[in-house]
1. Looking at A:66, A:76, A:117, can you tell me which residue is surrounded by 16 or more Cβ atoms within 10 Å (Cβ to Cβ) and either more than 12 Å from chain B (Cβ to nearest Cβ) or at pLDDT below 80 (or both)?
2. Of all residues in the stretch B:147-174, how many are surrounded by fewer than 16 Cβ atoms within 10 Å (Cβ to Cβ) and not small (Gly, Ala, Ser)?
3. Collect the residues in the stretch A:120-148 that are buried (at least 21 other Cβ atoms within 10 Å of the Cβ) and either within 25 Å of residue B:311 (Cα to Cα) or of a type in the set (Lys, Arg) (or both), keeping them in residue-number order.
4. What helices (runs of 4 or more DSSP H) completely inside the stretch B:1-83 contain at least 1 residues that are free of Cβ contacts under 8 Å to residues at least 60 places away in the same chain, under 24 Å from the mean Cα position of the chain (by Cα) and surrounded by 12 or more Cβ atoms within 10 Å (Cβ to Cβ)?
5. I'd like the residue in the stretch B:116-131 that is surrounded by 24 or more Cβ atoms within 10 Å (Cβ to Cβ) and touching a residue at least 60 places away in the same chain (Cβ under 8 Å) and, out of all such residues, is farthest from the other protein chains (Cβ to nearest Cβ).
6. Take residue B:223 and tell me if it is more than 14 Å from chain A (Cβ to nearest Cβ), within 29 Å of residue B:15 (Cβ to Cβ) and buried (at least 16 other Cβ atoms within 10 Å of the Cβ).
7. When you look at residue B:292, is it free of Cβ contacts under 8 Å to residues at least 40 places away in the same chain, touching a Leu at 6+ places or on another chain (Cβ under 8 Å) and away from chain A (no Cβ under 11 Å), yes or no?
8. Return yes or no: is residue B:147 at pLDDT below 90, facing another protein chain (nearest Cβ under 8 Å) and not in a loop (DSSP other than H, G, I, E, B)?
Amino acid sequence: MDMALFIQLTLTGLTNGVILALAALGFVLIYKSSDVINFAQGEFLLIGAYMTYAMIAQVGLVWPLGVLVTLLLAIGLGIIVERFVLRPLIGEPIISVIMVTIGLSSVMQAVVNAIWGPYGQNFPPFIPSEPISILGATINADRLWATAIAVILLAFFTYFFRLSKEGIAMRAVADDQQASLSMGISVKKIFAWAWSIAAVTAAIAGALLANIVGVRGELASFGLRVFPVVILGGLDSIPGAVIGGLIIGLLETYTGGYIGNGLNQVVPFIVLILILMVRPYGLFGKEIIERV
Amino acid sequence: MESGIFHTTYPADMALRRTYAQKIRLAIFLLFMLVFPLFANRYYLTLANQVGIAVIGAIGLNILVGFTGQISLGQGGFLAVGAYTSGILTARFGVPWYASVLIACVVTSLVGTIFGIPSLRLKGLYLAIATLAAQVIILWVVTHWNAVTGGVDALVVPNPTLAGLRLNTDFRFYWIIWGLAGLTALATINLFRTHYGRAFIAIRDQDIAAEVMGIDIFRYKLLSFAISSFFVGLAGALIANYRNIVTWERFTTDVSVTYLAMIIIGGLGSVSGSFFGATFMTLLPAFLSNLGRLLRSNIPAIDTLIPYVQQAAFGLIIILFLIFEPEGLRKIWDDIKDYFRLWPFSY
């Protein structure tokens with residue numbers, strides 16, 4: 001076995017995995033607090049990437065300010081989406097909730113395409129991206145930066161859900177809305193929180209991805225690619241999103257590197273079906289899934 | 001169930017069309033469908049054929065999603081199985097097109113049953129994700145199995161012939177497509193008057209209660225996948241023979257979503273709903289692009305915007321229907337009928 005290739009693939013896979021985990025994080029947050037599966041996660045990421053692009057390259061803000069404005073806009077977007085699209089559907093059957101997020105993704109994609117056009121944009125990298133060599137393998141510095149930022153975020157949210165008052169309230173709402181209402185938790189406020197946090201994490205992931213692969217419509221495909229990650233890790237588990245992301249990231253690069261033939265696009269989904277058959281709640285999810 | 005209608009015999013109660021108004025509406029509809037192609041130009045015939053194929057596919061999906069309650073995001077993949085099976089058999093092996101269409105239905109039915117197996121353990125959300133995976137896997141196989149499907153290249157299917165007549169015009173194909181659409185609708189309406197159909201509905205409403213009442217859930221769920229995929233395969237095979245060309249772009253996840261949107265906007269668990277939804281979702285993009293063409297002289301930038309307007313309208317309509325009329329167009333249609341039946345005393 002070629003050791004250099006192995007290290008190269010492992011490093012690329014791990015950094016890919018971290019980005020996948022970051023994309024999956026918003027997804028897990030929404031599911032964890034409102035039991036909604038967000039098929040528009042990829043589009044939140046896309047909008048995050050394009051807004052960062054607009055703020056830095058088009059408006060001409062310095063990058064910390066640009067990113068800050070993007071994050072504020074993302075919070076607003078999350079709240080608007082929750083208030084006007086998701087809230088009327090509380091208590092509706094699951095197919096309606098799935099479809100409404102799919103409809104949302106279509107609208108968001110159309111808006112992005114109408115404003116910025118269908119072609120990718122050149123993004124002025126604001127994170128240093130020169131190649132660095134580690135153990136004989138080369139990797140771009142921006143990937144390492146993305147990894148560091150992702151690790152910080154993931155650690156923060158794990159802490160947030162374990163220990164902070166708001167995090168515990170969000171878990172309570174996910175568990176039993178009625179009981180949380182009677183304990184004085186505002187379920188509406190929690191949902192608004194969840195969506196804005198999810199939009200913010202997606203915007204961060206989008207900004208990082210914009211730096212690594214450029215701003216383009218294909219970023220929305222992350223919305224599909226997070227499914228194997230979250231199912232493997234467990235839909236309601238943040239550590240699960242991390243581990244799932246790393247495993248799927250490695251799996252994708254190993255199959256892509258050693259076997260090829262585009263197999264890396266489909267292997268995660270085969271894993272997904274196997275996991276669903278054997279262990280539908282994933283590696284770290286709560287075992288409350290209803291079996292038939 | 002209509003209000004204000006009372007039957008005194010069982011045959012009258014069990015009839016498909018129970019009132020004069022229903023019979024007259026059906027007669028008008030059939031007459032319209034028969035006369036329409038004689039007067040319509042080629043553009044409208046093409047649209048009508050697209051609607052017909054969509055109706056067959058939507059009825060198939062509705063059997064599974066609307067009647068049995070199993071969410072499927074794999075419609076595009078199953079359409080691809082039908083289209084490629086029929087296309088390959090006709091183009092490469094010279095199988096007569098009607099035989100290849102029938103084989104395609106059976107093959108799709110089998111594939112649908114295989115991907116339905118996870119439904120034995122999963123429901124709701126998890127089943128939706130599993131069928132989404134089925135869609136991705138089928139599409140990957142289609143684009144990478146070069147020896148059989150030709151990969152990403154288009155598969156050319158010869159024009160079908162019937163009784164020495166080449167079915168190469170929209171006018172000739174209209175009769176085939178709408179004949180089959182009519183048969184599909186009739187078969188589905190009658191399916192839900194048999195104990196199989198009632199079992200599907202029982203599983204949708206309360207699966208545990210259905211099992212207690214002696215319905216073998218495993219068997220009937222798989223049966224529902226099989227019947228549903230049979231019609232979806234028919235729609236796929238018709239796409240192949242009608243278009244004369246099969247490419248993988250026609251069967252992406254977006255197609256699965258469009259079909260789901262059709263049955264939700266039309267009305268879940270209703271054959272007429274599938275018809276309304278398929279018509280609406282097929283005509284909407286055509287209507288928007290015509291509108292754009294009309295406005296071209298006023299707003300020059302409109303040409304580049306049309307695709308995005310179509311996409312946004314697609315999403316907005318799904319959202320608005322789910323929020324304001326979750327039961328779909330069929331409910332609106334029923335409300336209109338009720339209004340006039342009870343007029344002037346409707347409340």
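1. Sole residue among the options that is surrounded by 16 or more Cβ atoms within 10 Å (Cβ to Cβ) and either more than 12 Å from chain B (Cβ to nearest Cβ) or at pLDDT below 80 (or both): A:66.
2. Here the count works out to 13.
3. The answer is A:143, and nothing else.
4. The helices (runs of 4 or more DSSP H) meeting that bar are B:20-39, B:42-62.
5. The extreme case among them is B:116.
6. yes
7. Yes: the conditions hold for residue B:292.
8. Spelling it out, it is not the case that residue B:147 is at pLDDT below 90, facing another protein chain (nearest Cβ under 8 Å) and not in a loop (DSSP other than H, G, I, E, B).
The values are calculated or read from the model by the stated rules, or taken from the named source; none is laboratory data. All values derive from a computational prediction rather than experimental measurement. Every residue, glycine among them, receives a Cβ derived from its backbone with ideal geometry; neighbour counts consider all protein chains shown.
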